[in-house]
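Q: Please find one structure pasted underneath; my questions will follow.
The values are calculated or read from the model by the stated rules, or taken from the named source; none is laboratory data. What you see is a predicted model; the values in this text were computed from it and never measured. When we count neighbours, we look across all protein chains shown, and the Cβ atoms used for this are built from the backbone with ideal geometry, even at glycine. With ligands, DNA and RNA removed, areas are computed over all heavy atoms of the protein, side chains included. Shrake-Rupley method; radii C 1.70, N 1.55, O 1.52, S 1.80 Å.
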Amino acid sequence: MNYFQLFDINVSFDVNLNQLSQTYQNLQKAVHPDRFAHASSQEQLLAVQKSAEINDAYQTLKQPLKRAEYILTLRGVDMPNEQQSFSDNAFLMQQMELREMLADVKFADDVDVALSSAQQILTQEYQELLESMSAQILTNNTTDNALACDNLRKLKFYQKLNLEVERLEDSLFDD
Amino acid sequence: MALLQIAEPGQSTVPHEHRLAAGIDLGTTNSLIASVKSGEASTLVDHQGNDILPSIVNYQDTSKGSLQDSLHGNSILVGEEAKALSVSDAQNTIVSAKRLIGRSLSDIKSKYPSLPYQFCGDENHPEIITRQGKINPVQVSAEILKTLAQRAEKALGGELTGVVVTVPAHFDDAQRQSTKDAAKLAGVNILRLLNEPTAAAVAYGLDSDQKGGQEGVIAIYDLGGGTFDISILRLNKGVFEVLSTGGDSALGGDDFDVAVADYLAEQAGLTRPLSPSLERQLMQQACFAKEQLTTQESVEVLLTLENNQKWSTKLTKERFDSLISALVKKTLRACRRSLKDAQISTDEVLEVVMVGGSTRVPLVRVEVEKYFNKKPLTSIDPDKVVAIGAAIQADILAGNKPDSDILLLDVTPLSLGLETMGGLVEKVILRNTTIPVAKAQEFTTFKDGQTAMAIHVLQGERELVDDCRSLARFELRGIPAMTAGAAHIRVTFKVDADGLLSVSAMEKSSGVESSIEVKPSFGLDDSKITQMLKDSMSNAKADIDARMLKEQQVEAARVIESIQAAITLDNHLLTKDEVIAIEQVIKSLADISQGEDADTIESAIEKLDQATAVFAERRMDSSINKALSGQSVEKL
C-alpha cells in the first residue's frame, strides 16, 4: 500500500491539505499507541509501527518537495543522489551569487530591509521552480519526469538557502 | 469453552470496572499527584491536607536503634519533613534531583558548581555520598514517586493500575529513560511519559470554563523552578497536535533568585566565597524578595552578616525587573524559534497559557503579553495544571474512557543523529518530528575489507559531535569483507510514544544485525535496577520473587481481558476455528497464571501474543478502514 492509498486519495501533486490533515487525525485516532495502552503487547507493537508509518506518510504527502520525490519514485524515475555532481553550471553560478547576497546582508545599512528583500528573491525563484515542476509532474511522460527531477534537485538547493536565511536571522536577532 | 461477553456496538467492551490511575507531576521544586474521580480530575492531598509535596528527600541516620527496627519505615524522609532539614543536614538532603537525573558528572559540576553534595561514581553514572551510602539521583526520584503513589492508593482505596509521569518537553533521551527507571524502582507501572506543556494543554483544552478555547492554535509557556518549556499546539476536535516545542533545561525561577542574590551580595560589599549558611541566607532572601515583588512595589531585605552585623536594603520592583530582564528575554527567543518551527505567526496564536510557579512574576506576564500581543491566560492554577492534565491522560490510557475522542500527538524535542567522518553529526530524525517515528539511513564502509563499524548515537541541534549529547555507542560486527563503499549499512532509529529511542543497524547484503535500546551507556541497566530493588527490600529474595510473580499475574490478567474484549468486539474477523484456537491458549494461560512461577507465566503470555498476532493485524487494518470510511461518510 503506498502513502496515497493509505490516505485514500489519488496519486497527484495537487493535495488538499485540509483534507489530508483531517484524514491524518482520523487514522491516528484509530491506530495511535495511546489507544492500545491496555491491549496485548502484540497489538501495542503493531500500533507503534502503524502509527509511525502514518506519521511518515503524512509528512511525505504534506511537504511539496517530499511529495514530488515520492511521486517520481513511485513512477520509477531514477532519483540522482545528493552527492552526484550537478552539471547545470549557470544554475550553480546563480546559487553562488545568492549565497553572496545572503553573506552581504549582515553588512547592509539597513539589515531588516536587506534581509526581507533577499527573502523575497528566494521565495519568488522557489515558487517559479515549484510551478514548473508541478506542471511537469502533471504531464507525466519520460521527458517531463526527468525535467521534474532536475527541478526538484534545484528546489532542494533553495531549501538549503532557506536554512541559511534562518541561521542568519537567528544570528542577527539573538543578541 | 469460555463464554463470550456480548456487548452492543459502541458500548464499552469490558465489564466495566474502573481502573485506578493517576497523573504525577514530578517537578524540580514540588511534585503533585492527581486522579480522575467521577469524571472530575483533581489533585490528591496527604493526611495534612496538602497536595504539594516538596521534591526533597532526606536520608536519616540508621545507626540509632529505633530506626533500625523500623527499617525503611522512615529512615528516608520525603517532602516537608525533608525540607525542614535541608539547611541543617544539607549533605544528606537531596533537593532538586530533577536537575541531576540523566546527566553526566561533568555536566552537573559545570552547571551547578555550588551544590553541597559529595559526588562519586563514574562520568555516566554519578552518585551522591550520603550517610546511607551512595545514592543515584534516580533513587531520589523513586522515593518521591513512591510517596505520591502511596498517597494515591490511600486516597483512592486500591492499587494503582498505572500512572502517567510528566517530564519537561525538552528532556533528552537519557533524562526520560532515567525518569522511567525511577518509576520502575518505585514499583509504579508507567502508562506513559507525558510532556509537561502537553499535559497542561489537555487540562486547558478540556476545561469547560474556557470560553471557545477548545479549537485553534495555543501556546503553552511553562516556566518552572528549574526548567523552561514552550510548546505550540493545534487543538481540533479532541486532537492535541504538538506543532513544535522548545525551551531551556537550565532556566527557571531559581535563576531569578541567583540574579537577585548576586546583586544583594554586591550591594552588601560581600566577596565570595561566602560561608554556606550566608550563601543559603542570601538565596532565601532573594527568593522571598522575588515573591513579595509580585504584589508590592518594593521590599525590605535584611541580612545578618558574618560578624552578626545587620545589613538591610530596599529592593524596588524596577530594580528586580532589570536584574531578570535578560533571562526573560531568553525565554522569548525560545518562543520565537518554536513559532518558526511550527510555521505559525504570533497573530495566529489564539491563547497563551501560563504554566509553572515562575509565571507569577509580573515582568514575565508583561513581556509575554507584549511578545504575543495578547493577554496570557492565568486563570488555571499554574501549580496544578500539569498534574491535572496527566491525570486525564492516565484515565484514558487505563481504559476507563473507551469512547474518548482525545488524542495527543506529540513530537521529539531534539534532533537525533549519528557520528560521521570528521566528527560531524548526520541527523536522522529532526526535532519536532511527530512520534512514534521510525527512520532509516544508509551508510557505507570507507576502508577496503572493513568488517566492523562503530555507531555513535547523538542528540542535539549542533553540527559537531562534541556539541551534542552522546547517547550510546555500539558496534556492528561481522560485516563481510568488501571493497570500500560496497557495504550497505542500514541504521534504523525508532522513537516510541514515550519519546524513547532505540537504534538498530544491519548490513543489507549479509543480513548481519546489531541493535541497541539506547540505554546502557547512560542511566541504569536492568540488572542494576533489580539489584537496587533487592537492596531496598528487607527480605530481598522472597520479596522480589513475590513481586515478579505478582507483576506477571497482573499482566496475564490484563492480556486475557484485552483479548477477550477484542474477540467480543471483532469476532467477525475470525473463523470459528480460530476463535476456538485462541480460547484454548487463553485457557491455558489462565491456568498457568494461578501457579507460582513467574517465568512460566511470562512465556505463556508470549504464546498468547503469538497466537493472536494475525488477529491483531486484522483488527488494525479493519480500524484503519473504518477510519477512512467514516470519513467518506463525513464528506458526503
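Q: Could you say which residue among B:Phe256, B:Phe228, B:Phe240 is touching a Ser or Thr at 6+ places or on another chain (Cβ under 6 Å) and surrounded by 21 or more Cβ atoms within 10 Å (Cβ to Cβ)?
A: Result of the check over B:Phe256, B:Phe228, B:Phe240: B:Phe228.
Q: Taking A:Ser116, is it small (Gly, Ala, Ser), within 23 Å of B:Leu332 (Cβ to Cβ) and away from every other protein chain (no Cβ under 14 Å)?
A: On the way: small (Gly, Ala, Ser): yes; within 23 Å of B:Leu332 (Cβ to Cβ): yes; away from every other protein chain (no Cβ under 14 Å): yes.
So A:Ser116 fits the description; yes.
Q: Name the residue that is surrounded by the most Cβ atoms within 10 Å (Cβ to Cβ), counting only residues in segment B:556-614 that are among the β-branched types (Val, Ile, Thr) and away from chain A (no Cβ under 13 Å). Spell out the reasoning first.
A: So the first thing to find is which residues in segment B:556-614 are among the β-branched types (Val, Ile, Thr), and the list is B:559-560, B:563, B:567-568, B:575, B:579-580, B:582, B:585-586, B:592, B:600-601, B:605, B:612, B:614.
Retained after the next criterion (residues that are away from chain A (no Cβ under 13 Å)): B:568, B:575, B:579-580, B:592, B:600-601.
On the way: B:Thr568: 14, B:Thr575: 9, B:Val579: 17, B:Ile580: 11, B:Ile592: 19, B:Thr600: 13, B:Ile601: 22.
Here the residue is B:Ile601.
Q: Then there is this: Within segment B:422-471, track down each residue that is more than 14 Å from chain A (Cβ to nearest Cβ) and among the aliphatic types (A, V, I, L, M).
A: Of everything in segment B:422-471, those that are more than 14 Å from chain A (Cβ to nearest Cβ) and among the aliphatic types (A, V, I, L, M) turn out to be B:Leu424, B:Val425, B:Ala452, B:Met453, B:Ala454, B:Ile455, B:Val457, B:Leu458, B:Leu464, B:Val465, B:Leu471.
So that you can scan it fast, the table gives a plain yes or no per residue for (1) open to solvent by 30 Å² or more (accessible area, probe 1.4 Å); (2) more than 7 Å from chain B (Cβ to nearest Cβ); (3) in contact (Cβ under 8 Å) with a residue 60 or more places away in the chain:
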| position | (1), (2), (3) |
| --- | --- |
| A:Gln25 | no, no, no |
| A:Ala37 | no, no, no |
| A:Ser41 | yes, no, no |
| A:Gln59 | yes, yes, no |
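Q: If you don't mind, another one. Which one of these does A:Ala108 not meet: (1) farther than 25 Å from A:Ser132 by Cβ; (2) at pLDDT 90 or above; (3) surrounded by fewer than 18 Cβ atoms within 10 Å (Cβ to Cβ)?
A: Evaluating A:Ala108 over (1) farther than 25 Å from A:Ser132 by Cβ; (2) at pLDDT 90 or above; (3) surrounded by fewer than 18 Cβ atoms within 10 Å (Cβ to Cβ) leaves (2) as the failure.
Q: Could you figure out which of (1) under 21 Å from B:Val202 (Cβ atoms); (2) in a loop (DSSP other than H, G, I, E, B); (3) in contact (Cβ under 8 Å) with a residue 24 or more places away in the chain isn't true of B:Ile392?
A: Single failed check for B:Ile392: (2).
Q: Right, another one. Which of the helices (runs of 4 or more DSSP H) found entirely inside segment B:101-200 contain at least 3 residues meeting this: open to solvent by less than 10 Å² (accessible area, probe 1.4 Å)? First the steps, then the outcome.
A: Working: elements: B:105-111, B:137-156, B:173-186.
The qualifying helices (runs of 4 or more DSSP H) are B:137-156, B:173-186.
Q: As an exercise: evaluate B:Leu416 against (1) within 11 Å of chain A (Cβ to nearest Cβ); (2) open to solvent by less than 10 Å² (accessible area, probe 1.4 Å) and give the number of the one condition it does not meet.
A: Only one criterion in (1) within 11 Å of chain A (Cβ to nearest Cβ); (2) open to solvent by less than 10 Å² (accessible area, probe 1.4 Å) is unmet by B:Leu416, namely (1).
Q: Pairs, please: C-beta under 9 Å, at least 6 apart or cross-chain, first residue surrounded by fewer than 12 Cβ atoms within 10 Å (Cβ to Cβ) and in segment A:132-146, second in a helix (DSSP H, G or I)?
A: A:Thr139/A:Asn145; A:Thr139/A:Ala148; A:Thr143/A:Gln136
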